[in-house]
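Here's the structure, in structure tokens; my notes come after.
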Amino acid sequence: MKKYFTILFILLAAINTNAQPKTLVQDKENLFTIDEITRLDSMLQHYRQQTGKLVLIVTDTADISEATYSNQITKQYVPDSTKKVFVFMLLLSRKNQLLFTAVNEPLRPFVTQELLLEIMNAGIPSLKEKRREESALLICKKAMEFLDGLSEK
């Protein structure tokens, strides 16, 4: 009986560690409608399948500006730290009034503050008009343009 529980525990642990979030849009603050999440996620999933690079959208009431927060999100999608997957995150918090971007370690050598501001500025006018989906779409597309340019370098 003890062996049975040990095997069951190992099986559950293996399933849990291999489980990755299915959606590339984590909307904990409910800033987007279900239809908006579906459209944004569809675009991000297509990009991931085509390039292997990740662009994520995350909304949360937690302090999204902390590096530990973005590292934790990255580990949900890339649990193997030896993999060189480029991850770009758009982080939003209505509660904390923050619009933030983060990248993972393999992407950092290619990124400057000016570049991140340029990417975010693509969606600022739409965000000011409370068109969140459009803002996220514009920022993500600008991030994808940047990521696509890396394969040429």
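The values are calculated or read from the model by the stated rules, or taken from the named source; none is laboratory data. Remember, it's a predicted structure, so these values are computed and weren't measured experimentally. Virtual Cβ from ideal backbone geometry, glycine too; neighbours counted across all protein chains shown. Surface accessibility is based on the protein's heavy atoms, side chains included, excluding ligands, DNA and RNA. Shrake-Rupley method; radii C 1.70, N 1.55, O 1.52, S 1.80 Å.
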>> Name the residue that is nearest to the chain's Cα centre (by Cα), counting only residues in segment 46-61 that are open to solvent by less than 40 Å² (accessible area, probe 1.4 Å) and not aromatic (Phe, Trp, Tyr).
In response: Leu56
> For segment 109-128, how many residues meet the condition of being surrounded by 17 or more Cβ atoms within 10 Å (Cβ to Cβ) and either among the polar types (S, T, N, Q) or not in a loop (DSSP other than H, G, I, E, B) (or both)?
Replying inline: 5
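Quick check: is even one residue across segment 37-44 among the small types (Gly, Ala, Ser) and in contact with a Phe, Trp or Tyr (Cβ under 9 Å, 6 or more places away or on another chain)? Walk me through it before giving the result.
Step one: filter segment 37-44 for residues among the small types (Gly, Ala, Ser), giving 42.
Among the residues that remain, those that are also in contact with a Phe, Trp or Tyr (Cβ under 9 Å, 6 or more places away or on another chain) are: none.
No, there is no match, as no residue in segment 37-44 is among the small types (Gly, Ala, Ser) and in contact with a Phe, Trp or Tyr (Cβ under 9 Å, 6 or more places away or on another chain).
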> Looking at Glu145, is it at pLDDT 95 or above, within 19 Å of Thr51 (Cβ to Cβ) and open to solvent by 60 Å² or more (accessible area, probe 1.4 Å)?
Replying inline: yes
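This table checks each residue for (1) within 18 Å of Gly123 (Cβ to Cβ); (2) open to solvent by 90 Å² or more (accessible area, probe 1.4 Å); (3) at pLDDT below 85; (4) β-branched (Val, Ile, Thr).
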| residue | (1), (2), (3), (4) |
| --- | --- |
| Ala67 | no, no, yes, no |
| Ile73 | no, no, no, yes |
| Tyr77 | no, no, no, no |
| Ser81 | no, yes, yes, no |
| Val85 | no, no, no, yes |
| Phe88 | yes, no, no, no |
| Thr101 | yes, no, no, yes |
| Leu107 | no, no, no, no |
> Does any residue in segment 38-50 that is touching a residue at least 12 places away in the same chain (Cβ under 8 Å) and under 12 Å from Leu147 (Cβ atoms) come within less than 8 Å, Cβ to Cβ, of a residue that is open to solvent by less than 40 Å² (accessible area, probe 1.4 Å) and basic (Lys, Arg) six or more places away or on a different chain, and which pairs are these?
Replying inline: Tyr47/Lys53
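Mind checking which residues of segment 62-108 are assigned to a loop (DSSP other than H, G, I, E, B), more than 13 Å from the chain's Cα centre (by Cα) and farther than 18 Å from Ser135 by Cβ? Break it down into steps so the answer makes sense when it comes.
The initial filter retains those residues of segment 62-108 that are assigned to a loop (DSSP other than H, G, I, E, B), namely 62-66, 78-86, 94-97, 104.
From what is left, the residues that are more than 13 Å from the chain's Cα centre (by Cα) are 62-63, 65-66, 79-84, 94-97.
Once the filter is applied, which keeps residues that are assigned to a loop (DSSP other than H, G, I, E, B), more than 13 Å from the chain's Cα centre (by Cα) and farther than 18 Å from Ser135 by Cβ, segment 62-108 yields Ala62, Asp63, Ser65, Glu66, Pro79, Asp80, Ser81, Thr82, Lys83, Lys84.
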> What is the number of the single condition among (1) among the hydroxyl-bearing types (Ser, Thr, Tyr); (2) in a loop (DSSP other than H, G, I, E, B); (3) at pLDDT below 90 that Thr23 does not meet?
Replying inline: (3)
